[in-house]
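Reviewing the structure listed below.
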Amino acid sequence: MESCISCWNRVGSIGQCLPIQLELFKSRSQEAFEEGGRLYGKKVYLFGCTEPQLVPYKGENKVICIPVVVAVVSPFPPSDKIGINSVQREAEEIVPMKQMKMDWVPYIPLENRDSQVDRLQSQMFILSCTQRRPTKTAPPSPGLSIGIRVALKQMKIDRLKKYEYCLPYFYQPLKEDELEQSTEVQIIFPAAQKPVFCEFDWELDELDEFTDQLIEADELDKDKKDAFKEFVKERVREAKKANRQAREARKKALEEMSEETKAAFVNMRFYKFYPVPTPDTPDVSNVKAPFINRYYGKAHEVL
């Protein structure tokens, strides 16, 4: 069981890049990996993340970033891509993991650390930052797989910001993506005073009326009306094109997919683990939720 606990401790949090503390998940990991547990004897892909929740802590309610671990049971990696998105960014990006120096790294048990990786039939993989450029002055990075903290300290600021907005990406070809059906576009219109942030639904909103309402609310300068409308139209064209391409790509993927792969997607399972309460940590039992992120959707089981 030492191997499983050590594995849990190496899971880093993608996006905020926080360490997932071993003791917070110890009992849950033991139960999951033991014989009869949900993860026993299965190929598992692990990643960590955080979610802000309002919880009671030391006599008052506080917003705390709660660390969670997601376990994906699958015969193959759930994805080789990462999503990059935030309110500040104009457009969402889906990029290869390797572009962000990330990969599913096989977990090697302590007793096998001297063995060659390719000779081991690893059943556990951890989504990790593979960029390693440690320096003599770099601080240690306990709890993080592949030295995430050290790696991040070497990144340029713009690249670091990009990493902070990373979300583990998953695409389920057997199910129509909500984004394929969406008729909304996120608008970040650049302006001299302040950018205009809004959402435009090309089926429900009428552009002239929508623009006039922004002007009346002093969110948009009147002399920028035409420029704003053209900006929105361009974003709508881009979104419709992206939706069409997504539908076509999914259709093609299904046509080329083997029955074995289809069965693997059907049987793929997501488990979301929350930390156990301790005297020094808040009780999160009342805020547990199945939602993982916009790509993975909801977990099949929350623990």
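The values are calculated or read from the model by the stated rules, or taken from the named source; none is laboratory data. Computed from a prediction, not measured in an experiment: that's the story for all the values here. So basically every Cβ, Gly included, is an ideal-geometry build from the backbone, and we count neighbours across all protein chains shown. The area values use the complete protein model at the heavy-atom level, side chains included, leaving out ligands, DNA and RNA. Shrake-Rupley method; radii C 1.70, N 1.55, O 1.52, S 1.80 Å.
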Fully extended contour minus Cα-Cα distance, from GLU60 to PHE265, at 0.36 nm per residue: 69.5 nm
Entries in LYS62/LYS101; LYS43/LYS175; LYS58/LYS288; LYS252/LYS288 that, when Cα-Cα distance is taken, lie over 30 Å: LYS62/LYS101; LYS252/LYS288
Segment ALA242-ALA192, length gained on full extension (0.36 nm per residue, minus Cα span): 15.1 nm
Net lengthening on full extension, SER285/GLU216 (0.36 nm per residue, minus Cα-Cα): 20.3 nm
Accessible area in the full protein assembly, largest first, 1.4 Å probe, for ARG237, ARG269: ARG237, ARG269
FRET efficiency, 1/(1 + (r/R0)^6) with R0 22 Å, evaluated for TYR40 and GLN172 via beta carbons: 0.30
Most to least packed among 46-52, 185-191, 217-223, 167-173 [average Cβ atoms within 10 Å]: 46-52, 167-173, 185-191, 217-223
Ranked order, LEU303, LEU54, LEU127 - accessible area, probe 1.4 Å, largest first: LEU54, LEU303, LEU127
Among 256-264, 274-282, the order from most to least packed when residues are scored by Cβ within 10 Å on average: 274-282, 256-264
